[in-house]
Amino acid sequence: MDKNKTISEIIQLWKTDKKQYIKSSSFSAYALLIENHLIPAFGDRSELNEIDVQAFVHQKLAAGLGQKSVKDILIVLNMVLKFAGKRKWLDYVPFDILYPTDREKSEVAVLNRSDQKKVMGYVEANFTFRNLGIFMCLSAGMRIGEVCALKWEDVDTEQGVIRVRRTIQRIYVVDEGERRTELVIDTPKTKNSIRDIPMGKDLLRMLKPMKKIVNSSFFVLTNEARPTEPRTYRSYYMKMMEELKMPRLKFHGLRHSFATRCIESRCDYKTVSVLLGHSNITTTLNLYVHPNHEQKKKCIDQMFRALR
């Protein structure tokens, strides 16, 4: 076992190896976590134990980092240590890290029915290509990167579907000490995110006449050869919602609103999961399926009727 290798040196070797197998956006995310968290905390160490990592977790949580963010950092650390363990550079033993129990119930922020109708009505009355994207997200549950990367060739008005085939994002590149940002168009988040979403009648009616005259290689939101990037579109959306005096809602709330309306309409959960491009139905159930008091009471009543 080469005890002379520091965690920092191992990380550099891991990055060179890992870069061959993952998307540039994933590599960029890993590199950022490494630069900001792992190297400052462990870079000069040649070994790590569970007590050190547990202390690191408490420190990050106390500094205001969320549990998910801390867990993401540890996923990268675990990959690095596993890589080193295979090469006998250190002894790899998976850590059993504890987190404080989360006792707060998190709610998914969505537009209510009335506000959603108001936003969609405004877009229909004040059509622009950028406004169209907001209508699409409320009608199809697309992510911001997916709608920004959408081209007219992906809008099939004959079959009545939107074909999600790419996403766009600005990534933070850390490469040999150099830091810069890069706009990247790539395949969607996961293989499940590559999907066809049927269009509702209102959206189809809006798009059919346009599809006949637009350049199929142009991006929908700009109707030009160049796309708009998510942070620019997010700012546009926030300004529009402010002008409409809507509740302050993150752009991702449009996707949540679409999913919530589907669940409220008693769509089956598997179908909603597929429409959203979730990797598994559990994600959909955890986010959107929360039985109300009447549903819980009905369940109890059914159980007692069965006992009789």
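Coordinate-derived values only; no laboratory data. Here the structure is a predicted model, which means the values were calculated and not measured. Every residue, glycine as well, gets a Cβ built from its backbone with ideal geometry; the counts of neighbours run over all protein chains shown.
Some values worked out for this structure:
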| read-out | value |
| --- | --- |
| [x] -0.50, -1.23, -1.30; [y] -0.34, -1.20, -1.36; [z] -0.40, -1.35, -1.46, with the label sought being that of the calculated log10 I(q)/I(0) by the Debye sum over Cα atoms at q = 0.08, 0.15, 0.16 Å⁻¹ | [x] |
| Tilt relative to the chain, helix 201-211 - C-alpha long axis, 0 to 90 degrees, to 10 | 90 |
| DSSP-assigned coil residues among trypsin sites (Lys or Arg not before Pro) in segment 58-130, each with at most 12 further Cβ atoms within 10 Å | K88, R103, K105 |
| Cβ-based exposure ranking for Y30, Y99, in which fewest neighbours within 10 Å come first | Y99, Y30 |
| Loop GluC sites (Glu not before Pro), segment 21-106 (other Cβ atoms within 10 Å of the site Cβ: 10 or fewer; DSSP) | E104 |
| Of A62, S273, F218, farthest towards positive along the dipole that unit charges on Lys, Arg, Asp, Glu beta carbons give the chain | S273 |
| Projected-area mean, segment 115-241, by convex hull of Cα positions, square nanometres | 8.7 |
| Ascending count of other beta-carbon atoms within 10 Å, so fewest first, for V108, V70 | V108, V70 |
| Rounded to 10°, Cα long-axis angle of helix 230-243 versus longest principal axis of the chain | 50 |
| Degrees between helix 7-18 axis and first principal axis of the chain (Cα, 0 to 90, nearest 10) | 50 |
| Residues C148, C262, sorted so that the one with the fewest Cβ neighbours within 10 Å comes first | C262, C148 |
| The chain: Cys lacking any partner C-beta under 4.7 angstrom | C137, C148, C299 |
| Rel. contact order, % - alpha carbon contacts under 8 angstrom, at least six apart, the chain | 18 |
| Shape category assigned to segment 3-95 from the gyration tensor of Cα positions, a/c cut at 1.5 | oblate |
